[in-house]
Amino acid sequence: MAKGKKGTKKTANSSSKFIFWVIGFVAVALIAFIFLSNPSKTTKKQTIDYSGQPYIGGKSAPVSIIEFGDYKCPSCKQFGKNVIPVIQQEFVDTGKAKLYFLNDAFINVDSIRAAKFAESVYAVLGNDTFWKFHDLLYKKQPEDGKYEKIDLYDEKFLTDTLKEVARDADVKKVVGHFRAKKSDAAFQKDMDLAKKLNVTGTPTLFVNGKLFDGQTIDDLKKMVDAAAKEKGNE
């Protein structure tokens, strides 16, 4: 959605799929998402393996929401800042849903490097530290239009960022895991799933395996409620 992909995934091609999420608080359940293009062609329910993926929410929550994102995507940053807190309040904190983050890294090599490093954080230090690192990484994303510049997110930047939320000894373990390419398989699992689901931009949401293509938080609420009901009838 924010930075679409077509063909080669080059940044020049991504601009045509730019999405800006406009958020206006009128009521608790009315937050407007304005889409300029469709994120994916996938409309039917897909089977998804959620094992080994970072998430927030209760393990027993009946609905699984996935956000596909890229750490260098500016709309993903705004989505995380403005929309994720609402999703957490409306669905996660109420026990209706779990929220997963999966990688769809396509902007440049920094996207891939950051995604793999984050996977190492999750593998070595667990879910809580992953989300701290995840949020901080988006917070540090440049706001001056330089997000497409290559090698901003080098290993030193990623390591220094992790040091803000983890002990030096733990950071060293993560760096070792990353350098040994032990996070590559987890990263590729996300990328393969994004390809299977025909995800064409970020951020893109799926609810229990179905693409969310609505335009408001109320649309999302209806989809989550329907998914919970369907799950209860299985």
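Do we find that LEU197 is of a type outside the set (D, E, K, R) and within 23 Å of TYR122 (Cα to Cα) in this structure? For LEU197, the condition - of a type outside the set (D, E, K, R) and within 23 Å of TYR122 (Cα to Cα) - is not met. Within the stretch 61-109, being part of a loop (DSSP other than H, G, I, E, B), over 28 Å from ASP154 (Cα atoms) and of a type in the set (S, T, N, Q) holds for one residue alone: THR94.
Specify the residue that is modelled with the highest pLDDT; the eligible residues are those in the stretch 110-145 that are outside any helix (DSSP H, G or I) and closer than 27 Å to THR216 by Cα. Taking the candidates together, the pick is GLN141.
Pairing residues of the stretch 146-175 that are within 16 Å of VAL121 (Cβ to Cβ) with residues that are of a type in the set (Lys, Arg), at Cβ distances under 6 Å and at least 6 apart in sequence or on separate chains, gives TYR153/ARG113; VAL165/LYS132; VAL171/LYS163. Considering the conditions (1) polar (S, T, N, Q); (2) under 18 Å from the mean Cα position of the chain (by Cα); (3) at pLDDT below 95; (4) exposed (fewer than 14 other Cβ atoms within 10 Å of the Cβ), THR200 is excluded by exactly one of them, (4). Of the set (1) under 17 Å from the mean Cα position of the chain (by Cα); (2) loosely packed, with under 12 Cβ neighbours inside 10 Å, all apply to LYS146 but (1). The set of residues in the stretch 205-227 being among the aliphatic types (A, V, I, L, M) and either surrounded by fewer than 19 Cβ atoms within 10 Å (Cβ to Cβ) or free of Cβ contacts under 8 Å to residues at least 60 places away in the same chain (or both) consists of MET223, ALA226.
The values are calculated or read from the model by the stated rules, or taken from the named source; none is laboratory data. What you are looking at is a predicted structure, and each value in this text was computed from that prediction instead of being measured. Using ideal geometry, Cβ is built from the backbone for each residue, glycine included, and neighbour counts are taken over all protein chains shown.
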